[in-house]
1. When the dipole is taken about the Cα centre of region 1-109, and only Lys, Arg (+1) and Asp, Glu (-1) are charged at their Cβ, what size is it in debye, to the nearest 20?
2. List the trypsin sites (Lys or Arg not before Pro) in region 59-135 that DSSP assigns to loop (not H, G, I, E or B) and whose Cβ has at most 15 other Cβ atoms within 10 Å. Which are they?
3. Where the only charges are on Cβ atoms (+1 Lys, Arg; -1 Asp, Glu), what is the dipole of the chain about its Cα centre, to the nearest 20 debye?
4. Could you give the alpha-carbon Rg of region 127-200 over 2.2 N^0.38 Å, rounded to two decimals?
5. Once the principal axes of the Cα atoms of the chain are found, what is the range along each, listed largest first in whole angstroms?
6. Name the residue from L125, P109, P155 whose Cα lies farthest towards the positive end of the charge dipole of region 93-170, charges +1 on Cβ of Lys and Arg and -1 on Cβ of Asp and Glu.
7. So for region 12-121, what are the equivalent ellipsoid semi-axes in whole Å, largest first, each being the square root of 5 times an eigenvalue of the Cα gyration tensor?
8. Ignoring ligands, DNA and RNA, what percent of the 1.4 Å accessible area of the chain is carbon and sulfur?
Amino acid sequence: MSKTNVAVFVSGSGTNLQAVIDSGIESANIAVVACDTPGVMAIERARKHGIPVELVDSRDFESREEFERQIVAKIDRYDIGLVVLAGFMRILTPYFLGRFANRIINIHPSLLPSFPGTNSVRQALDYGVKQTGCTVHFVREEVDAGPIILQAVVPVTEEDTEETLLEKVHAEEHRILPEAIRLFCEGKLTLSGRKVLISF
Ligand code: GRF
């Protein structure tokens, strides 16, 4: 099976990166991990598995686009077919979105369009929803608003704290992110307007 070269973008602990690595998707080659924050655990995870890391410290750049141009220059030599944002804490500009049009996906810890932005698990808990979950979606300029690829539901109990709920949401993220990558790399996703059609 031919493999799609995947760049995983991270800013933090990298548990989703780990799940993608561990799931050993046949149609995907994790070619590079791109990171904007020195010293984070995700870098260690990549190195442990022999995956090249391209670190570009966002603090060294005056604009978002300058930062992105630097990161694109670094990942360009890996012939990337898919960019996966796995806890990457930066909003992308039209420059980057155009450079990888319809080839950028993100994992978000809520059932979008509910609770976009940051602290989504806390927001869901405070709102009192009975179910939350996570979403993998294509990335568009508007934050957390792109076409939805996969979602998973997590029931909220009265005993849940932010910590316990986060743990349950993460477990589902670690299941659906590799699945979405597999579907993309096997060519099973088709965009139709803002809908994603999946051929299983
Ligand atoms: C995840 O909850 C993801 O949904 C959000 O950032 C978090 C990243 O966690 N975008 P990790 O770095 O993969 O552990």
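1. 180
2. K130
3. 680
4. On the way: Rg = 14.1 Å, N = 74, 2.2 N^0.38 = 11.3 Å.
For region 127-200, the normalised Cα radius of gyration is 1.25.
5. Largest to smallest, the principal-axis extents are 49, 39, 33 Å.
6. P109
7. Taking √(5λ) for each Cα gyration eigenvalue gives 20, 19, 15 Å.
8. Reported share for carbon and sulfur atoms: 49 percent.
The values are calculated or read from the model by the stated rules, or taken from the named source; none is laboratory data. This is a predicted model, so every value here is computed, not measured. Glycine gets a Cβ as well: all are built from the backbone with ideal geometry, and neighbour counts include every protein chain shown. All accessible areas refer to the heavy atoms of the entire protein, side chains included, with ligands and DNA or RNA removed. Shrake-Rupley method; radii C 1.70, N 1.55, O 1.52, S 1.80 Å.
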